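Take a look at the structure set out below.
The values are calculated or read from the model by the stated rules, or taken from the named source; none is laboratory data. Computed from a predicted model, the values in this text were never measured in an experiment. Here the Cβ positions follow ideal geometry from the backbone for every residue, glycine too, while neighbour counts run over all protein chains shown. All accessible areas refer to the heavy atoms of the entire protein, side chains included, with ligands and DNA or RNA removed. Shrake-Rupley method; radii C 1.70, N 1.55, O 1.52, S 1.80 Å.
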Amino acid sequence: MKRISSKCTILALILGLALFGALLAGCEKPAPVDGPDEPMEESVIIIGTTDKVTDLDPGEAYDFYTWEIFQNIASGLLTYEPGTTELVPGLAAEWPEVSDDGTEYTFKLREGLTFSDGTPFNAEAVKYSIDRVITTKGDPSWLVDDFVESVEVVDEYTVKFILKGTFAYFPALVASVPYFPVSPNIYPADEVVTDPSELVAIGPYKVESFVREVELVLVKNPDYYGEPAKNDKIIMKYYKDATTMRLAVEKGEIDIAWKSLNPTDIADLKQNPELKVVEAAGAYIRYLCFVCNGDPFSDKILREAVACALDRTSVAEKIFLNTVEPLYSMVPIGMWGHKDSFKETWGEYNVEKAKELLAELGYNEENPFSFELWYTPTHYGDTESDMALILKQGLEATGVMKVELKSAEWGTYVDNFDIGNMGAFLLGWYPDYIDPDDYTSPFALSTASDSMGIFYQDPVMDEYLLGAQVAPKEKDRVALYEDAQDYWALEVPTAPIFQGKLFLVTQPDIAGIKVAPTMIFNYKTVYRE
């Protein structure tokens with residue numbers, strides 16, 4: 001594949017031109033002559049990351065960074081306005097028509113578009129793409145298969161989704177990557193393609209070259225239907241660790257250091273007057289899960305006591321240096337419907353309430369409640385063991401709890417929670433789609449929580465969550481999610497700990513960065529001042 005010049009090469013070229021210009025300044029200025037216009041200088045932005053691209057098939061990719069790449073080289077029928085949580089038509093020409101019962105969505109498509117390999121974009125391509133996600137059954141296929149009964153081609157530029165039920169948040173699903181149309185000439189109907197022969201899509205950028213774990217080069221798509229990118233080229237550099245990436249941005253080798261720098265790096269770089277630190281809200285949350293159908297946490301009083309004695313503030317301050325914020329609901333701060341129910345019900349780090357609850361069950365300083373707290377040491381970064389230790393110290397500071405920390409690498413960890421082998425364990429969550437449903441139903445719906453290792457079943461919680469799934473008006477959904485969050489604080493199938501923030505460190509001349517709680521980083525709005 002063609003290798004694109006690095007920023008150093010570009011700088012060398014600029015310096016060379018400057019030197020040449022200085023030499024010319026000592027000479028007599030030549031008279032202007034007629035001739036072709038000078039070519040415009042190419043605008044290039046270099047972004048560094050420690051993330052990795054996984055499967056380059058929208059039907060198989062299921063990690064946030066690879067989804068970020070698809071968000072920049074492809075598009076859904078609906079998409080998010082950059083820097084916001086506002087859904088707008090993307091490859092659809094307008095907002096869909098919805099049947100009265102909410103089970104059919106009819107989309108009018110933009111006409112005259114082609115994938116970057118020249119394949120026409122039309123209703124047949126949309127149907128093909130959805131059918132293959134259901135057929136190939138990749139990791140994120142449930143986001144389609146659980147909701148879509150079938151797709152019908154109404155005419156060349158009209159397509160109808162027939163759903164398996166009423167899902168008020170279906171527009172948010174349509175904006176997720178598994179719904180992105182793919183070229184039938186690149187992606188076979190019945191097979192996942194991890195490394196396609198060409199990275200073909202319809203988005204603000206096209207892929208010029210890609211070398212795994214080294215470099216990805218994107219160039220502006222001149223045929224993009226929407227607002228064109230403000231820069232001609234994006235070069236993504238992949239780093240093995242945060243320390244190396246930090247040095248790269250400090251040396252000016254990259255324009256933007258993106259996910260993920262260590263909390264100490266961010267704190268240090270905030271003091272560097274030669275760099276800018278951009279902070280954005282994130283929808284990434286961490287929480288403590290309980291196995292609700294087995295000893296000891298089938299007793300909800302024990303779950304409540306642990307939730308009361310989680311020292312969220314110390315975790316945020318001591319471990320993450322305030323790059324995260326304490327969280328008191330599974331619904332993230334900034335998302336509609338969010339309510340600080342745990343804080344309202346139990347307060348902050350309420351040691352006395354924890355002791356009071358445990359006393360109801362006969363526990364005291366002479367007879368403390370003992371349990372295992374599990375964590376996985378590397379999957380969530382180097383800070384995980386420190387966070388587990390801070391939580392243990394906070395719980396044991398009550399004087400009525402004794403915590404044994406236990407750990408397992410990610411593969412074993414997943415196996416353990418699949419079979420309910422860890423009574424209390426730490427997990428994290430990135431959104432599949434931007435809606436409170438994605439932060440509640442997978443954990444507390446009776447038909448879903450087993451897959452998260454929680455094994456929680458409760459008809460009242462089901463009524464709240466299922467009602468919110470189908471309520472057609474947002475105000476009704478807000479009311480149901482507020483009730484669900486209050487009930488959650490009493491039931492405690494999980495206990496929220498913190499919500500992550502997003503940080504980008506940039507050179508001082510970089511502008512136009514828009515990162516919303518969707519966690520989508522749209523490269524097209526970035527430019528050099």
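Structure summary
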| quantity | calculated |
| --- | --- |
| The lone exception for V207 - which of (1) touching an Asp or Glu at 6+ places or on another chain (Cβ under 7 Å); (2) among the hydrophobic types (A, V, I, L, M, F, W, C); (3) open to solvent by 10 Å² or more (accessible area, probe 1.4 Å) it fails | (1) |
| Matching option when the condition is polar (S, T, N, Q) and over 30 Å from D418 (Cα atoms), among Q457, Q507, Q499 | Q507 |
| Among residues of the range 380-405, those that are modelled with pLDDT under 95, touching a strand residue (DSSP E or B) at 6+ places or on another chain (Cβ under 8 Å) and not hydroxyl-bearing (S, T, Y), counted | 1 |
| Considering residues of the range 75-134 that are among the aromatic types (F, W, Y) and touching a strand residue (DSSP E or B) at 6+ places or on another chain (Cβ under 7 Å) only, the residue farthest from E152 (Cα to Cα) | Y80 |
| Conditions (1) under 25 Å from H338 (Cα atoms); (2) assigned to a helix (DSSP H, G or I); (3) under 22 Å from the mean Cα position of the chain (by Cα); number of the one not met by D435 | (2) |
| Given (1) within 22 Å of the chain's Cα centre (by Cα); (2) crowded, with 19+ Cβ neighbours inside 10 Å, number of the condition Y464 does not satisfy | (1) |
| Search result, residues across the range 170-186 that are among the hydroxyl-bearing types (S, T, Y) and either closer than 14 Å to V126 by Cβ or open to solvent by 10 Å² or more (accessible area, probe 1.4 Å) (or both) | Y179, S183 |
| Flag for Y481 being open to solvent by 10 Å² or more (accessible area, probe 1.4 Å), assigned to a helix (DSSP H, G or I) and of a type in the set (F, W, Y) | no |
| Single residue of the range 109-121 satisfying the filter (out of contact with any helix residue (DSSP H, G or I) (no Cβ under 9 Å at 6 or more places or on another chain) and assigned to a loop (DSSP other than H, G, I, E, B)) that is surrounded by the most Cβ atoms within 10 Å (Cβ to Cβ) | F121 |
| All positions within the range 321-347 that are at pLDDT 95 or above, surrounded by fewer than 23 Cβ atoms within 10 Å (Cβ to Cβ) and farther than 17 Å from A283 by Cβ | S341, K343, E344, T345, G347 |
| Enumeration of residues in the range 185-219 that are without any contact (Cβ under 8 Å) to a residue 40 or more places away in the chain and part of a loop (DSSP other than H, G, I, E, B) | S197, V214 |
| K524 vs. criteria basic (K, R) and either buried (at least 22 other Cβ atoms within 10 Å of the Cβ) or in contact (Cβ under 8 Å) with a residue 12 or more places away in the chain (or both) | yes |
| Qualifying residues in the range 228-278 (those that are under 17 Å from F320 (Cβ atoms) and polar (S, T, N, Q)) - the one most open to solvent (accessible area, probe 1.4 Å) | T264 |
| Residue that is farthest from L427 (Cα to Cα), among those in the range 279-290 that are over 15 Å from the mean Cα position of the chain (by Cα) and surrounded by fewer than 24 Cβ atoms within 10 Å (Cβ to Cβ) | E279 |
| Exclusive hit being out of contact with any Phe, Trp or Tyr (no Cβ under 8 Å at 6 or more places or on another chain) and touching a residue at least 60 places away in the same chain (Cβ under 8 Å), set T398, T383 | T398 |
| Among the candidates S329, S370, S407, S314, residue that is of a type in the set (S, T, N, Q), closer than 22 Å to P431 by Cβ and touching a residue at least 24 places away in the same chain (Cβ under 8 Å) | S329 |
| Residue match in the range 89-100 (condition: polar (S, T, N, Q), open to solvent by less than 60 Å² (accessible area, probe 1.4 Å) and within 26 Å of the chain's Cα centre (by Cα)) | no |
| Residue list for the range 402-418, filter: in contact with a Lys or Arg (Cβ under 9 Å, 6 or more places away or on another chain) and either hydroxyl-bearing (S, T, Y) or surrounded by 14 or more Cβ atoms within 10 Å (Cβ to Cβ) (or both) | V403 |
| Residue match in the range 141-149 (condition: in a loop (DSSP other than H, G, I, E, B) and either under 22 Å from D223 (Cα atoms) or without any contact (Cβ under 8 Å) to a residue 24 or more places away in the chain (or both)) | yes |
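Residue by residue, here is whether (1) touching a Ser or Thr at 6+ places or on another chain (Cβ under 9 Å); (2) at negative phi; (3) not aliphatic (A, V, I, L, M) holds:
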{"residue": "E208", "(1), (2), (3)": "no, yes, yes"}
{"residue": "E215", "(1), (2), (3)": "yes, yes, yes"}
{"residue": "Y224", "(1), (2), (3)": "yes, yes, yes"}
{"residue": "N231", "(1), (2), (3)": "yes, yes, yes"}
{"residue": "V249", "(1), (2), (3)": "yes, yes, no"}
